[in-house]
Amino acid sequence: MFNVGTIVRLRRLELGLTQSKVCGKKISVTTLSRLEKNGQLPNKHNFEYIIDRLGIFSQKYSYLLSYEDKEVYDLRYTLESAYNKGDYKATAEILTKLKTLPNALEHGVFLTIAETLLLLQDTSVPNETKLTKAQNTVDTFCKDFSPNKIAKTLLMKKELMMLVALATAHYKVDDKQTALNILNELIAYINKNIEDKGNIAPIYARIMLCLSAYYIDECDYTKALYFCEDGLKMCIANDCGMIYFDKLLFNKARILFSQNQEDQANACLKQAYYSALSLGERADCFIAKINSYAKERSLVI
């Protein structure tokens, strides 16, 4: 039977990573070496760091932790899944439950990031307030943050999610250049450090969605279409959540309309619309956006 050390060692060798590469600056090579030789069990902080670095889903091996820690990690995974699928109501309910667990406070950064991600989806909160909150949250794990520091930072999934949200917050207050800088740095980081993008598929799809929207606004339809197609491929190959697939289709429709490819554009728009209908109330705002766009163009969906 495999134990945690064997699992970690085999995954590291599968990815072709040295122990030093996995450790970065957060844990020592000695600690990882002892773990791989099954000489010691990781504490929950090292466990979280190592599995994120190796692209291992925490819920898959959470049985290696104590019952209390396993419960927290299982809820964390469920929360991330709900958020990445655009089900913010379920995300809020899971977060409320997570906070009630006795050892939840030990996951303070995760809780802070989750709260911020939900705040950014609240349409009643001013965009300037959202940006301030997002920036403050980022500063909890990356002091004096700037986009050009991303490449020098060791990021885990929750932090990637937060940085995408920060870019979106900048975009909503019309600071589009900062948003673009953050997104481009994230793509460079992912391409350099993450071998299996399937492990962060929803985050990657969200980045492609943001970039496609940016270049549509800039009327650079060649770049916008590239990011749309890349995001759609990621959604098709992985379970990214239909909301991202539908929004990318909508952006593709907008691009095709701008290029006078009416038939293809109409097909994408209708597919996005009817697919979004199946998502229920969590897609209401998006459906209203499609309807408004169709009305402006005198289209019948």
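The values are calculated or read from the model by the stated rules, or taken from the named source; none is laboratory data. Because the structure is predicted, anything quoted here is derived from the model rather than measured. All Cβ positions, glycine included, derive from the backbone under ideal geometry; neighbour counts span all protein chains shown. Ligands, DNA and RNA are stripped out before the accessible areas are found, and what is left, the full protein with its side chains, is counted by its heavy atoms. Shrake-Rupley method; radii C 1.70, N 1.55, O 1.52, S 1.80 Å.
The residues of the stretch 271-287 that are open to solvent by less than 60 Å² (accessible area, probe 1.4 Å) and either more than 17 Å from GLY241 (Cβ to Cβ) or touching a helix residue (DSSP H, G or I) at 6+ places or on another chain (Cβ under 9 Å) (or both), listed by number, are ALA272, TYR273, SER275, ALA276, LEU279, ALA283, PHE286, ILE287.
Within the stretch 234-251, the residues that satisfy the criterion of being farther than 18 Å from LEU183 by Cβ and open to solvent by 40 Å² or more (accessible area, probe 1.4 Å) are ILE236, ALA237, ASN238, ASP239, MET242.
Within the stretch 20-37, the residues that satisfy the criterion of being of a type outside the set (Val, Ile, Thr) and either closer than 26 Å to HIS107 by Cβ or open to solvent by 80 Å² or more (accessible area, probe 1.4 Å) (or both) are LYS21, CYS23, GLY24, LYS25, LYS26, SER28, LEU32, ARG34, LEU35, GLU36, LYS37. Within the stretch 173-196, the residues that satisfy the criterion of being among the β-branched types (Val, Ile, Thr), out of contact with any Phe, Trp or Tyr (no Cβ under 8 Å at 6 or more places or on another chain) and more than 18 Å from LYS130 (Cα to Cα) are ILE187, ILE194. Here ILE190 does not fit the description of being in a helix (DSSP H, G or I), touching a helix residue (DSSP H, G or I) at 6+ places or on another chain (Cβ under 7 Å) and more than 12 Å from TYR204 (Cα to Cα). On the stretch given as the stretch 109-161, residues that are out of contact with any Cys (no Cβ under 9 Å at 6 or more places or on another chain), among the aliphatic types (A, V, I, L, M) and within 23 Å of ILE27 (Cα to Cα) total 9. Filtering the stretch 53-64 to residues that are modelled with pLDDT under 75, surrounded by 15 or more Cβ atoms within 10 Å (Cβ to Cβ) and assigned to a helix (DSSP H, G or I) leaves SER58, GLN59, SER62, LEU64. Every residue in the stretch 151-162 that is under 17 Å from LYS192 (Cα atoms) and within 15 Å of the chain's Cα centre (by Cα), please. Matches in the stretch 151-162: LEU155, MET156, LYS157, GLU159, LEU160.
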